[in-house]
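Each value in this text was obtained by applying a stated rule to the coordinates, not by laboratory testing. Note that this is a predicted model, so its numbers are computed, not measured. We place every Cβ from the backbone using ideal geometry, glycine too, and count neighbours over all the protein chains shown.
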Amino acid sequence: MRHDSPLAGHPGQEKTLKLIKRYFYWSGMNQFIKDYVSSCQQFSRNKGIYHKEFGLLKPLQIAPGPWNSLSMDFITQFPLSNNFDSILVVVDRFSKMEIFIPTYGTITSLDLAQIFINHVFSKHGLPAIIISDRGSLFVSSCWTQLCHQLKISRDISTAFHPKPDGHTERVNQILEQYLQIYVSYHQDYWYTWLPLAEFAYNNAEH
């Protein structure tokens, strides 16, 4: 069933229903899908416990268009997979489209700049603003200078509010849940699943 496919990622009842309704309809499908997802052991075992998004120090402005306003965050300390141990999550705040970029915990600010150029700028152009936390890479002189030269504004969280964009944190939880479901017990080949995880997330409604 579409719920189980790696291209879907074991989503919840509502998202599974929306995915299937794109192609099929039958009498009683709502209850059937509800029962199916509820009985899915993989989903029940790996689904996270999500909190409501924390209140913001100040509300983020609504993004005016696609790839104009981005948020960036790292998920770190994964088991080594093809020499990668981290993922850079880039979120387009307008469309909610995500990019999952494999990387490693020891990258420099120059590496981050190159990753941004290769994976974001080359495909979507320059954003007007990038939202991030105060991680050392995001406040480094190299990254600061790059954003200045490209006329990209930065919205960096304060020490009193370390997560300026709750949506990015939610995406991180969904990605970790996806990898827990499909990756082996040793978790040593999660790198190969990232493109499928990215497709599954972007193909679902948000």
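All other residues with a Cβ under 15 Å from the Cβ of residue 112 taken together, and with Lys, Arg as +1 and Asp, Glu as -1, what is their net charge? Net of charged neighbours comes to -1. Electrostatic tally near residue 146: other residues with Cβ closer than 14 Å to its Cβ, Lys and Arg +1, Asp and Glu -1, net +1. In the range 69-166, a dipole from Cβ-located charges (positive for Lys and Arg, negative for Asp and Glu) runs towards its positive end, and of 139, 129, 101 it is 129 whose Cα lies farthest in that direction.
Restricting the range 94-153 to trypsin sites (Lys or Arg not before Pro) that sit in a DSSP loop and have at most 13 other Cβ atoms within 10 Å of their own Cβ leaves 134, 151. Label positions at residue 140 and residue 122, each projected 7 Å from the Cα along the C-beta direction, are separated by 1.9 nm.
Counting every other Cβ atom within 10 Å of each residue's Cβ, 69, 109, 141 order from fewest to most as 141, 109, 69.
Taken along its principal axes, the alpha carbon cloud of the range 69-166 reaches lengths of 34, 34, 29 Å, longest axis first.
Relative contact order of the range 69-166, please, whole-number percent, based on alpha carbon pairs below 8 angstrom and at least 6 residues apart. Once divided by the residue count of the range 69-166, the mean separation gives 25 percent. For residue 126, what is the net charge nearby, where nearby means another residue's Cβ is under 14 Å from its Cβ and Lys, Arg count +1, Asp, Glu -1? Net charge around residue 126: +2.
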